[in-house]
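S.K.: Okay, here's the structure, questions in a sec.
Read-outs: derived from the displayed coordinates by stated rules, not from any lab. Remember, predicted model here, so these are calculated numbers, not experimental data. All Cβ positions, glycine included, derive from the backbone under ideal geometry; neighbour counts span all protein chains shown.
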Amino acid sequence: KKKKIKCDRTDSGVYFKTLKEGEGRQIQYNDLVSFKYKGELLNGNVFDNHKKPVEFKVKELIGAWKELVIEMKNGGKVFMVVPPHRGYGDYDLNDIPPNSILVFELEVVDVK
């Protein structure tokens, strides 16, 4: 609500809004994908911000990312609010407390 973005909800509880449709084929589970992204907690604390692309294999992403990325195409951009069970759960990751709700803006830069 703070960002005034109306979101859809997946069956697993991830809220998302497609900000930009991509082009080409849909991303596959075994693809290597380059992303630009920003991750923050609900209180606005930024825990990760990659303005330059970073590469990840889709199959190694957190649950929420996997769920939404396989619906995206190259150049696509999405906003998502991730419940703990689709993020890092009860793990304590320094800047991310256990059972945190996460907010991401994610852009697909390249797909291999």
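S.K.: If I model the chain as equal point scatterers sitting on the Cα atoms and use the Debye formula, what is log10 I(q)/I(0) at q = 0.11, 0.15, 0.17 Å⁻¹?
M.R.: Log10 I(q)/I(0), no solvent term: -0.32, -0.61, -0.79.
S.K.: List every residue whose amide H lies under 5 Å from the amide H of residue 76, counting only residues 5 or more places away in sequence or on a different chain, with H placed 1.01 Å from N in the peptide plane.
M.R.: 22, 23, 108
S.K.: Something else now. Assuming 0.36 nm per residue, please report the length gained on full extension of the stretch residue 48 to residue 73 beyond their Cα-Cα distance. Don't skip to the answer; put the middle values down first.
M.R.: Working: separation 25, 0.36 × 25 = 9.00 nm, distance 2.27 nm.
Here the answer is 6.7 nm.
S.K.: Rounded to the nearest 20 debye, what is the charge dipole size of the chain about its Cα centre when +1 sits on each Lys and Arg Cβ and -1 on each Asp and Glu Cβ?
M.R.: Working: 20 positive and 17 negative charges, 101 e Å.
Its charge dipole is roughly 480 debye.
S.K.: On to the next question. Using the basic label-point model (7 angstrom from Cα toward the beta carbon), what is the residue 109 to residue 28 distance in nanometres?
M.R.: So the label points at residue 109 and residue 28 sit 2.3 nm apart.
S.K.: Using θ = phi - 60° and the Karplus curve 6.51 cos²θ - 1.76 cosθ + 1.60, what whole-Hz ³J(HN,Hα) does each residue of the stretch 6-19 get, with Gly and Pro shown as x?
M.R.: Each residue's phi maps through the Karplus curve to give 7, 10, 8, 10, 7, 4, 8, x, 7, 8, 8, 9, 6, 8 Hz.
S.K.: Still on this structure, I have one more. Considering amide H positions built from the backbone, and no H for Pro or chain starts, which residues 5 or more places from residue 48, or on another chain, come under 5 Å of its amide H?
M.R.: Result for residue 48 returns 39.
S.K.: Oh, and also: Hey, what number do you get for the chain at 222 nm if only DSSP H runs of n ≥ 4 count, each worth -39500 (n - 2.57), divided across all residues, to the nearest 500?
M.R.: -1500 deg cm²/dmol
S.K.: For the stretch 39-112, which chymotrypsin sites (Phe, Trp or Tyr not before Pro) are in a loop by DSSP, counting at most 14 other Cβ atoms within 10 Å? Don't skip to the end; give the middle numbers.
M.R.: Values: sites: 47, 56, 65, 79, 88, 91, 104; in loops: 88, 91.
Answer by residue number: 91.
S.K.: Distances over 16 Å make up what percent of all Cα-Cα pairs in the stretch 67-112?
M.R.: Working: 485 of 1035 pairs.
In whole percent, the long-distance tail amounts to 47.
S.K.: Same structure again: Can you compute the FRET efficiency between residue 21 and residue 62 using 1/(1 + (r/R0)^6), with r the Cβ-Cβ distance and R0 = 25 Å? Round to the nearest 0.05. Walk me through the numbers before you get to the answer.
M.R.: Working: r = 23 Å, r/R0 = 0.91.
The formula returns an efficiency of 0.65 here.
S.K.: Which of the lysines could a cross-linker span from residue 3 if the Cα-Cα distance has to be under 17 Å and same-chain partners fewer than 8 positions apart are dropped?
M.R.: Partners found: 17, 20, 38, 77.
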